[in-house]
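The values are calculated or read from the model by the stated rules, or taken from the named source; none is laboratory data. Here the structure is a predicted model, which means the values were calculated and not measured. Neighbour counts are summed over all protein chains in view; Cβ atoms, including those assigned to glycine, are modelled from backbone coordinates with ideal geometry. These area figures cover heavy atoms from the full protein model, side chains too; ligands, DNA and RNA do not enter into them. Shrake-Rupley method; radii C 1.70, N 1.55, O 1.52, S 1.80 Å.
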Amino acid sequence: MSKRKTIDAFFKKKDVSNSKIRTPVAVETNVNTLMPDEYPSKCPKLQFEEIDRDPGSHINYPYNDDTHRRQFQPSWFNSHKDWLEYSPSTDAIYCLPCYLFSKKPIGRPGSDAFISTGFNNWKKVKDGMNCPLVRHVGKEPNSPHKIAVKCCEDLKNYSRHIDKLIEKQTSKELENNRLRLKTSVECARWLAFQACVFRGYDESLDSKNRGSFIELIKFISTFNDKVASVVLENALGNAKYTSPTIQKEILHILASNVRNAIREEIRDAKFCILVDEARDESKREQMAIILRFVDKEGFIKERFFHIVHVRDTTALTLKNEICAVLSHYNLHIENIRGQGYDGASNIRGEWNGLQALFLKDCPCVYYVHCMAHRLQLALVTTSREVKDVYQFFDHLVNIINIVVASSKRNEELQHAQTEQVENMIASNEIETGRGANQIGTLQRAVDTRWGSHFQSICSLIKTFDATCKVINTISKERANYKQRGDAEGAYQVLTSFEFILILHLMKEIMGITNVLCQALQQHSQDLLNVMHLVSTTKSLIQELRDDGWEPLLASVISFCEQHEIDIPDMNARYTKGRGRYRRQDDDLTMEHHFRIVIFTVAIDFQLQELKSRFSELTTELVILNSVLNPKDAFRLFKIVHICNLVKKYYPQDFTEHEQELLESQLQHYALDVIKHPKFQNMSTISELCRGLQILGKSNIYFLIDRLIRLVLTLPVSM
């Protein structure tokens with residue numbers, strides 16, 4: 001089995017010599033792929049060696065004068081072998097270099113004799129310095145003949161031809177450009193892998209920090225002189241390969257390569273789409289798309305696939321953009337087997353939400369919402385929809401900020417706790433021991449982690465006296481009127497009966513949901529037990545609603561008596577508002593306000609949200625998936641439940657004949673795999689999938705392997 005591939009594998013170079021990459025099929029194209037050294041020369045190469053320079057061995061030279069009987073002498077070839085040529089057809093001699101390179105005669109009489117008309121006045125050849133052959137050569141270094149000879153020598157020097165010089169220069173430039181571009185690509189690859197920013201605030205030559213991209217190129221050039229000679233200031237002005245446009249093009253190519261590699265991983269497997277959208281710094285809506293699938297080796301993969309700009313966040317717009325991305329990479333919607341989104345109304349709407357639109361195209365695209373996020377949203381909705389609870393959390397944040405805003409106030413809080421603990425030990429109200437009576441501080445709540453609100457509430461109850469003392473001190477001793485006013489208002493809220501009641505109520509509710517919250521945030525989740533926790537959470541909250549008021553009220557009254565807080569008469573009429581706007585209802589008592597308006601309404605909203613967020617469809621699907629879990633030696637394995645899972649949720653992936661065959665395979669599977677020693681210590685479905693692949697059981701029980709892969713595709717399985 002191959003090693004699990006991580007995201008860095010997409011940024012590493014591939015060893016082509018040892019890889020099993022298929023050789024691409026040759027495609028005819030009109031693009032010239034030859035390197036500069038392979039270009040054919042446009043000028044034919046002149047082969048001077050093939051020219052017969054001494055024809056005297058096989059030619060009889062005629063006499064041009066019967067009286068003196070003069071003729072061409074072959075010995076003249078030896079004295080003027082660099083340029084002399086004889087023409088039998090005209091019985092005349094010529095100068096080969098001048099014939100090839102002289103532009104025109106120089107104007108003197110007989111200057112064209114060796115170029116066009118030819119020379120055959122043999123009687124003047126032996127005339128000493130007046131010999132026409134000697135005069136033709138000339139005494140000056142720049143005579144026409146010598147210039148022509150130089151041109152002829154250049155012609156014979158093939159490496160000095162202009163087309164070869166241009167090719168040589170082009171090849172050098174190409175090599176430098178490739179090295180420069182390779183440096184930019186490697187820098188972009190490294191920065192992208194490390195998730196670093198590319199650009200700098202000031203990228204000018206005088207800047208001390210020109211941005212990560214340019215600074216990394218400079219760093220590489222300090223270790224490689226060859227790179228240093230071709231990058232940045234040593235590069236051509238129009239070929240530096242460092243502009244923002246080039247950087248974006250390189251990143252686009254890298255991203256395309258990564259997405260193509262992911263597409264090769266998916267092959268024809270079923271997959272799940274995980275989508276979320278958010279607004280970036282430029283106020284543009286961006287949608288991130290993640291694909292979850294099981295590769296051929298049985299590993300669960302979740303790959304960040306694309307990020308797309310969307311005009312708006314309507315369900316139809318999001319669906320069209322997702323389909324466009326999937327179709328571009330030849331990923332069929334029919335192969336989607338799961339959807340994972342947040343709980344926004346445009347996403348989870350049962351009629352016009354994004355999940356409903358995909359369900360219309362493919363009925364097996366089950367929508368699964370992150371369970372931890374569901375509980376988070378259930379608590380958020382309760383805190384926002386119930387006005388008194390919303391005001392409570394607003395006051396709670398304000399009180400904590402006043403006390404722990406500075407280190408000085410935090411020290412005052414700890415000092416007040418120390419005094420309180422010492423007094424309680426002296427009066428024997430608490431016992432001493434190792435690790436007991438620890439001094440703490442108020443815990444800040446985080447909006448995105450509602451489990452932290454439970455810790456915040458518990459810390460306030462524990463340090464209530466010390467917190468009241470610090471706030472009271474601030475309201476009396478601070479010179480700043482704003483600080484004194486804020487502290488006095490916070491003290492009035494903190495010592496009110498309604499605040500104490502909601503404080504203990506939310507402690508009870510969040511104490512019940514905290515167990516579920518912690519279970520949902522574990523790295524390895526036992527989803528079957530989590531579903532049972534959801535049921536028990538609903539039951540406990542319902543029990544709190546039915547029978548929890550009297551114990552809660554008694555606890556709140558005891559807390560108020562302990563800290564000398566005024567307790568209102570529960571039978572008195574409840575007055576809402578102040579001054580002329582106050583409303584008084586004879587039928588509305590204080591007990592009715594606290595019990596019905598606050599206690600019952602808060603719990604009802606919590607129950608309603610839990611039932612809405614944790615639907616029966618998802619709960620049943622998770623429970624049915626658990627029968628495939630090999631944990632505890634396949635304790636939950638039942639053939640009937642597995643067959644029901646296939647018939648109810650995956651009818652499109654199994655024909656009727658395959659459903660019948662599946663039951664037969666499960667019977668053999670129960671006697672073979674379940675009792676196999678290598679499967680006894682497995683605890684997750686993903687381990688089971690890999691084990692079947694390793695031992696070759698996936699080929700025997702191919703229908704079971706198909707079902708396991710479908711289950712693993714959903715983002716609720718592990």
Determine, from the Cβ-Cβ distance of Gln414 and Glu591 and an R0 of 30 Å, the FRET efficiency 1/(1 + (r/R0)^6), rounded to the nearest 0.05. 0.20
How much length is gained on full extension from Asn529 to Lys182, taking 0.36 nm per residue of separation minus their Cα-Cα distance? 119.6 nm
Only sites in a loop by DSSP and with at most 16 other Cβ atoms within 10 Å count here; which chymotrypsin sites (Phe, Trp or Tyr not before Pro) in the stretch 263-340 make the cut? Tyr329
Linear extension gain, Met570 paired with Lys81, 0.36 nm per residue minus alpha-carbon span: 162.6 nm
Which order do Ser171, Ser459 take by accessible area at a 1.4 Å probe, largest first? Ser171, Ser459
Keeping all protein chains in the complex and leaving out DNA, RNA and ligands, what accessible area do you get for Leu205 with a 1.4 Å probe, in Å² to the nearest 10? 120
Run the simple label-point estimate for Ser89 and Gln483 please: 7 Å along Cα→C-beta, distance reported in nm. 11.6
Rounded to the nearest 0.05, what FRET efficiency is calculated for Glu663 and Arg279 with R0 set to 56 Å and r the Cβ-Cβ distance? 0.65
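If you keep only loop residues by DSSP, which trypsin sites (Lys or Arg not before Pro) in the stretch 659-702 have at most 14 other Cβ atoms within 10 Å of their Cβ?
Qualifying residues, ordered by number: Lys675.
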Along the principal axes of its C-alpha atoms, what lengths does the stretch 216-289 span, in descending order and rounded to whole Å? 51, 35, 22
Zero-based 5 Å bins, Cα pair distances in the stretch 632-718, whole percents: 3, 13, 27, 28, 20, 8, 1
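Can you figure out the FRET efficiency of Tyr63 with Lys124, using R₀ = 22 Å and their beta-carbon distance, to the nearest 0.05?
Details: r = 16 Å, r/R0 = 0.73.
The formula returns an efficiency of 0.85 here.
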